[in-house]
1. Mind listing whichever residues of the range 317-333 are exposed (fewer than 15 other Cβ atoms within 10 Å of the Cβ) and not in a helix (DSSP H, G or I)?
2. Could you say whether any residue in the range 83-101 is assigned to a helix (DSSP H, G or I), in contact with a His (Cβ under 9 Å, 6 or more places away or on another chain) and closer than 24 Å to Q225 by Cα?
3. For residues in the range 211-227 being closer than 30 Å to P336 by Cβ and either crowded, with 20+ Cβ neighbours inside 10 Å or acidic (D, E) (or both), which is modelled with the highest pLDDT?
4. For the range 352-388, how many residues are of a type in the set (K, R), assigned to a strand (DSSP E or B) and surrounded by fewer than 15 Cβ atoms within 10 Å (Cβ to Cβ)?
5. Based on what the data block shows, is L391 crowded, with 16+ Cβ neighbours inside 10 Å, closer than 16 Å to I362 by Cα and touching a residue at least 60 places away in the same chain (Cβ under 8 Å)?
6. Scanning the range 349-381 for residues that are small (G, A, S) and over 23 Å from A438 (Cα atoms), which turns out modelled with the lowest pLDDT?
7. Do we find a residue being assigned to a helix (DSSP H, G or I) and more than 22 Å from the chain's Cα centre (by Cα) anywhere in the range 165-174?
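The values are calculated or read from the model by the stated rules, or taken from the named source; none is laboratory data. Keep in mind that this is a model prediction, so the values were computed, not measured. Here the Cβ is made from the backbone with ideal geometry for all residues, glycine too, and neighbour counts use every protein chain on show.
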Amino acid sequence: MTSTEPEQRLYAPREPIFPKRVKGRFRNLKWLIMLFTLGVYYLTPWIRWDRGPNLPDQAVLVDLANRRFFFFWIEIWPHEFYFIAGLLVMAGLGLFLFTSALGRVWCGYTCPQTVWTDLFMLVERWIDGDRNAQLRLHRQKKWDFRKVRLRLTKWSVWFLIGLATGGAWVFYFTDAPQLLVDLFTLNAHPVAYTTILVLTMTTFIFGGFAREQICIYACPWPRIQAAMMDEDTLVVAYRDWRGEPRGKHRKAEGADQLGDCIDCNACVNVCPVGIDIRDGQQLACITCALCIDACDDMMEKVGKPRGLIDYMALTDEVAERAGKAPRNIWKHILRPRTIMYTTLWSLVGFGLMFALFIRPDIEVTVAPVRNPTFVTMSDGSIRNTYDVRLLNKHGDDRPFRISIKGDLSLRVQLEGTPYETVTVPADATKLQKVYIVAPRGSAPAEAERTEVRIWVEDIANGDRAYKDTVFNGKAN
């Protein structure tokens with residue numbers, strides 16, 4: 001028996017979306033943010049920053065070889081990864097804050113997927129034309145010379161944008177000018193070429209073809225954002241109590257019963273994810289507000305008040321339906337949830353700033369050698385060995401003096417030098433073997449372990465650091 005029921009699909013087939021270009025305040029804001037974010041991304045690796053000899057002159061650099069991160073005057077060492085963790089926490093709290101206040105405003109304005117998709121759509125309009133021209137070209141089944149030429153031109157520009165994107169990324173991990181020369185002379189490491197290729201293709205595919213599919217299916221944030229939002233969150237919404245019933249024929253009989261919406265579909269035609277905001281809030285909406293610009297423009301043309309589609313909260317809807325004025329925008333933004341996120345964000349930021357300013361320019365770690373824990377010398381003295389790692393964060397070589405505080409009978413010896421000072425290279429660490437010796441008869445007979453403190457002093461400026469450890473053995 002043959003079933004006549006239609007085949008059920010797990011996912012609906014994708015309908016290609018060709019958004020119409022729109023002008024307005026939100027579209028202008030998106031242009032400015034796109035220029036700023038892309039400018040920061042592409043240009044930052046080329047900013048020079050003089051740090052002195054033996055240090056890279058790149059302002060922002062993730063130096064994986066030496067396990068350090070440079071950000072203008074700030075240098076983060078491997079053991080200071082808590083700074084990076086703190087910045088990630090601040091980024092998460094900032095995302096929660098903006099989402100609770102303005103919905104998916106991050107997705108609509110600053111998400112890399114949105115920014116690069118906007119750029120790719122801009123190129124598409126330059127080459128193929130606006131929405132109607134793109135639709136005609138898409139529906140044209142025959143691949144004539146014009147269609148092939150336009151497609152190849154568009155894809156070539158997209159590929160170049162992807163190539164620049166992947167190339168800019170690898171410049172953050174090594175000296176940008178030198179890497180650029182190595183890339184063109186084929187002397188760069190294969191990892192650089194592989195990374196550029198992968199990022200080029202992902203940018204090309206995500207920005208050129210996948211587009212809204214990434215936002216709807218791949219990105220988890222639309223499914224998480226509901227936990228950050230409440231009835232006072234400002235989102236893009238349609239005032240259906242003002243717009244319905246919608247209709248186009250304004251001079252026909254019964255037109256006075258129609259709402260303000262003329263059913264022109266301008267809001268649908270400009271939407272980059274292809275939804276109709278008049279159907280209510282939807283998972284696919286990225287809160288880009290382009291539908292607001294399109295609707296406001298149309299309302300002005302037909303002599304109706306702006307704001308049929310606007311940023312509003314659920315509490316505003318209840319008030320407006322009752323004939324009351326909406327609440328002030330700051331009352332929506334400044335509420336307990338957003339204040340809590342702002343407070344947490346500020347506390348983490350102040351904590352990082354405080355930790356950054358109080359961190360020392362010299363650091364020391366001490367690791368006692370345990371095999372053996374101590375050695376009895378031929379003259380009866382007891383010697384303990386320690387691996388002392390000295391960290392010099394200055395831009396020049398510094399002489400460090402090593403001393404101890406504790407039992408006055410103990411004395412310090414440094415391997416490789418008869419003195420108690422050692423020179424640590426600029427912006428580097430030095431592993432120095434240090435001996436602490438207790439002469440025969442100097443320690444109490446009952447002392448098996450003696451508390452000592454190893455001090456390190458920067459002779460150049462007097463900065464000091466210390467570590468507590470123990471001396472094992474008795475010298476009787």
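1. Once the filter is applied, which keeps residues that are exposed (fewer than 15 other Cβ atoms within 10 Å of the Cβ) and not in a helix (DSSP H, G or I), the range 317-333 yields A322, G323, K324, A325, R327, N328.
2. Let us first name the residues in the range 83-101 that are assigned to a helix (DSSP H, G or I), namely 83-101.
Applying the additional criterion that residues be in contact with a His (Cβ under 9 Å, 6 or more places away or on another chain) yields 101.
Checking the rest, the ones that are also closer than 24 Å to Q225 by Cα come to 101.
Among the residues of the range 83-101, at least one is assigned to a helix (DSSP H, G or I), in contact with a His (Cβ under 9 Å, 6 or more places away or on another chain) and closer than 24 Å to Q225 by Cα, which makes the answer yes.
3. Filtering the range 211-227 for residues closer than 30 Å to P336 by Cβ gives 215, 219-227.
Subsequent filtering for residues that are either crowded, with 20+ Cβ neighbours inside 10 Å or acidic (D, E) (or both) retains 215, 225.
Working: C215: 89, Q225: 82.
Among residues in the range 211-227 that are closer than 30 Å to P336 by Cβ and either crowded, with 20+ Cβ neighbours inside 10 Å or acidic (D, E) (or both), the one modelled with the highest pLDDT is C215.
4. First, pick out the residues of the range 352-388 that are of a type in the set (K, R): 359, 370, 383.
Filter again for assigned to a strand (DSSP E or B), leaving 383.
Now drop any that are not surrounded by fewer than 15 Cβ atoms within 10 Å (Cβ to Cβ), which leaves none.
Total satisfying the criteria: 0.
5. Details: crowded, with 16+ Cβ neighbours inside 10 Å: yes; closer than 16 Å to I362 by Cα: yes; touching a residue at least 60 places away in the same chain (Cβ under 8 Å): yes.
For L391, the condition - crowded, with 16+ Cβ neighbours inside 10 Å, closer than 16 Å to I362 by Cα and touching a residue at least 60 places away in the same chain (Cβ under 8 Å) - is met.
6. Taking the range 349-381 first, the residues small (G, A, S) are 349, 351, 355, 367, 378, 380-381.
With the extra rule that they be over 23 Å from A438 (Cα atoms), the set shrinks to 349, 351, 355.
Details: G349: 93, G351: 93, A355: 88.
Looking at residues that are small (G, A, S) and over 23 Å from A438 (Cα atoms), I get A355.
7. Just the residues of the range 165-174 that are assigned to a helix (DSSP H, G or I), to begin with: 165-171.
Adding the requirement that they be more than 22 Å from the chain's Cα centre (by Cα) leaves none.
The answer is no, given that none of the residues of the range 165-174 is assigned to a helix (DSSP H, G or I) and more than 22 Å from the chain's Cα centre (by Cα).
Residues are listed down the side, and each one gets a yes or a no for (1) surrounded by 11 or more Cβ atoms within 10 Å (Cβ to Cβ); (2) modelled with pLDDT of 95 or more:
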residue	(1), (2)
M1	no, no
R27	yes, yes
I33	yes, yes
D50	no, no
L55	yes, no
F69	yes, no
